[in-house]
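A quick write-up on the structure given underneath.
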Amino acid sequence: MTSPQLPPNAYTDAPQEHPNLILGSLQLLFWLVFRPSAWRNHLKRIDPILNTDSSLIILLRQGRWRNLALWRLFIQGYFILPILANVLLGLVLWMLGEPIATILAPVAFGVTAGVAVGVVVGVAVGVAVGVAFVTFGVAVDVAGSVAGSVAGSVAGSVAGSIAIGVAFGMAFGLAFGIGVTFNSWRPILYFPFLLVWNYFLYRLDKGRNSKSPCLLRFHSAFWDEWQCLHLPGLDKHLFFVIEHNPVEGKAALKYLSTSRQRWAAQAVQAAKIELNARILERYIVDVEAIRQAHRNLISSELDSPVSTLLNIFNEISEDVDAALNQRSFYSQSQVLSAVAERLDANLREINSSQNEYSSRFYPIAQSWLNVITNHIDELVKIIELQQEIDNPYIIGVPLNEQLEIFTGRTSIGLRIEQLLRDRRRPPLLLYGQRRMGKTSLLNNIGKLLPSNIIPMFVDLQGAPSSASDHAGFLYNLAREMEKSAKKQGVTLPSLVREVLKVDPFTYFYEWLDKVEQALEQNTALLALDEFEVLDNAIAKGRFDEQDVLGMLRHLIQHRPRFKVLLAGSHTIEEYQRWASYLINVQVVHISYLKEAEARQLIERPVKDFTLRYEPNAVERVLQLTRCHPFLVQLICAEIIVLKNEQDPSIRRLATLADVEAAIPEALQSGGFFFADIQNNQVDATGQAILRFIAAQGEGTIVSRQTLLQQFPDADITFHLLLQRELIEEVDDGYRFQVELIRRWFV
């Protein structure tokens with residue numbers, strides 16, 4: 001599907017025919033001569049059999065006369081094009097001085113001859129040649145029709161001095177001979193004219209101040225498929241468009257990468273690396289600039305060693321953006337400190353790597369680190385000057401191991417440890433609703449497990465699932481495993497990207513052999529977060545199901561040093577392909593915090609926390625959130641924001657009134673969380689049921705009979721709402737599990 005930012009029919013081998021019959025006919029003739037792929041795709045749209053049969057005449061005889069598009073093509077090939085060809089020839093003869101009276105008869109004869117020749121050629125090709133011509137049978141029909149019409153006109157114009165039959169035969173033979181060799185000599189003949197035309201487009205594009213759509217789409221590289229000579233300047237024009245109109249440039253680059261002019265795409269790929277370096281250098285200004293960088297990088301899909309470096313900058317930029325979205329200066333400084341620590345580790349990795357682009361990108365990363373560190377120092381000064389309450393709550397960012405606020409989950413850690421010791425080595429599924437703390441738990445799971453278990457955390461929303469092929473997937477998977485193991489003090493062998501291109505899974509298995517040796521007596525826990533993203537990539541055909549999921553099954557069954565833990569907001573049963581590969585999956589359910597854990601998160605989230613709560617204020621937070629970890633942080637963060645706006649004399653004590661005042665602010669600032677429930681987790685019937693229950697008031701139990709009267713045949717929806725932990729069954733009715741979520745649906 002064409003992007004709305006692209007002009008129609010641009011950078012595609014399947015353009016649409018013009019709706020006007022005459023213009024569409026000329027377009028077909030152009031495709032026949034210059035763009036055979038567009039011609040073939042046009043035939044497929046008309047009738048799939050046109051891709052394998054040989055003649056329009058044969059098709060119409062086979063009973064496909066009800067296909068209006070087929071009749072349109074028949075009329076264009078046998079009537080419109082011969083008429084246009086003869087009119088053009090008549091104009092030429094008229095310009096050469098021939099009287100109109102002597103032109104009309106040959107032209108009429110030419111049209112008649114064209115139709116006759118087209119039919120004869122079409123039948124002959126269909127009977128004698130058949131499938132051997134593949135998609136060119138219809139082309140022979142049309143070409144025969146046009147060539148016959150022109151030949152007939154020429155024959156008619158010289159009929160007074162030479163026999164018509166001889167003239168017709170010579171003219172048709174000449175036309176056919178030229179046609180057979182046409183694509184051999186035409187690229188050389190046209191080359192000088194194409195150079196002038198393409199240069200003219202380039203100068204026009206530069207003079208239009210990069211207005212979109214660009215004129216690059218008219219470059220001969222996108223409509224002359226027979227031109228095998230390199231078109232000078234194409235790489236410069238393509239690079240210019242990529243720099244100023246990334247969406248259009250990306251489409252043009254993708255088209256050229258499989259064309260005869262793929263050399264230009266390869267040259268631009270190298271230039272894009274330098275362009276990205278320049279882009280990154282532009283953001284060495286302040287953290288506000290760095291947070292924008294990930295929106296402007298244009299080479300995230302490069303299949304080269306530089307992609308590793310660009311992923312580092314992309315992730316750092318996204319993390320800085322998330323840090324600056326925190327409501328308090330204290331939260332910003334906490335998250336930025338974790339970002340700076342990670343970037344410092346990346347710097348050491350870049351400096352010691354053999355990556356050929358390290359020397360180009362290392363100074364940029366060092367400058368970014370200096371900018372982030374300086375901003376953290378400024379935040380510390382602001383916090384001290386304003387004497388505000390430190391807001392330790394982190395909203396919208398998973399809690400990593402550096403953040404002190406991570407609380408509880410010891411029982412889940414014990415359950416995971418118990419399952420990891422199971423001799424049957426079952427795969428594990430950490431299942432829970434969104435924002436319930438799955439990723440935070442995985443980031444901190446090393447604190448909850450014995451030291452001989454080495455967590456290797458891989459976020460499948462990142463580079464692994466966005467790779468374009470198996471080699472990219474396995475390389476990014478190995479790279480994330482290496483990085484995670486290094487945090488646990490274990491150095492894994494490196495996996496070279498290039499070797500994976502030959503036989504990816506074989507070399508990946510050999511790398512796993514080396515990893516097992518490096519583990520010594522330890523056990524690796526491969527934790528794959530957001531496994532649904534990988535499932536989507538498999539469903540779209542980017543990865544082969546049997547190869548990828550078979551690899552995971554082989555890992556579980558034949559490598560005792562490896563344990564596999566998946567994390568997601570869906571059960572394995574909802575993804576049948578996973579269930580067939582991962583037998584005997586053990587589910588670890590992550591839900592609300594325990595009350596004691598939630599109280600600690602409210603009253604003592606970090607050491608030396610200066611805000612105190614009245615007892616009824618704490619109880620109200622627990623009632624509103626039901627100990628939901630994200631919602632506890634959300635409302636407590638808003639309480640601190642409100643308290644910091646109050647007079648210092650009452651700032652350090654949170655009351656029940658403060659909690660109630662924070663509710664509207666929490667619903668607004670946490671809108672993305674509530675909107676995800678409304679738009680992505682329930683259907684229209686589910687939304688209606690939730691609104692109906694919400695309207696009954698806080699804590700109200702609505703009887704099942706009442707709900708079934710309002711929503712008959714909604715049993716499946718009720719089951720889904722229960723599974724999503726939005727409502728709960730009480731006695732013979734239902735109510736909201738979490739009051740804050742009910743408030744959203746009121």
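Worth pointing out:
- Accessible surface of residue 604 - all protein chains present, 1.4 Å probe, nearest 10 Å²: 140
- Once the Cβ-Cβ distance of residue 517 and residue 267 is raised to the sixth power relative to R0 = 45 Å, the FRET efficiency obtained is 0.60.
- Take the Cβ atoms of residue 723 and residue 499, set R0 to 41 Å, and the FRET efficiency comes out at 0.40.
- Dipole in debye (nearest 20) - the range 637-713, about Cα centre, beta carbon charges: Lys, Arg +1; Asp, Glu -1: 140
- In this simple spin-label model, placing a label point 7 Å from the Cα along the Cα-to-Cβ direction at both residue 616 and residue 296 gives a separation of 5.4 nm.
- For the range 639-746: relative contact order, % (alpha-carbon pairs under 8 angstrom, 6 or more apart): 26
- Set of the range 342-384 residues, backbone N closer than 11 Å to the point 7 Å along the Cα-Cβ line of residue 606: 380
- Full extension of the chain segment joining residue 195 with residue 645 gains 155.2 nm, where the gain is 0.36 nm per residue of separation less the Cα-Cα distance.
- Pairwise label distance in nanometres, residue 468 with residue 44, each label 7 Å out on the Cα-Cβ vector: 2.0
- Per-residue extension of 0.36 nm, minus the Cα-Cα distance of residue 91 and residue 281, leaves a gain of 62.3 nm for this segment.
- Full-extension gain in nm, residue 685 to residue 37, via 0.36 nm per residue minus C-alpha separation: 228.6 nm
- Order of exposure, largest accessible area first, which applies to 335, 285 with probe 1.4 Å: 285, 335
- Pairs with C-alpha atoms separated by more than 32 Å, drawn from the list 254/438; 254/563; 381/594; 487/607, are 254/438; 254/563; 381/594.
- Two-site FRET efficiency, residue 354 against residue 288, from Cβ-Cβ distance with R₀ of 35 Å, rounded to 0.05: 0.55
The values are calculated or read from the model by the stated rules, or taken from the named source; none is laboratory data. From a predicted model like this one, the values you see are computed outputs, not experimental measurements. Every residue, glycine as well, gets a Cβ built from its backbone with ideal geometry; the counts of neighbours run over all protein chains shown. For accessibility, only protein heavy atoms count, side chains too; no ligands or nucleic acids. Shrake-Rupley method; radii C 1.70, N 1.55, O 1.52, S 1.80 Å.
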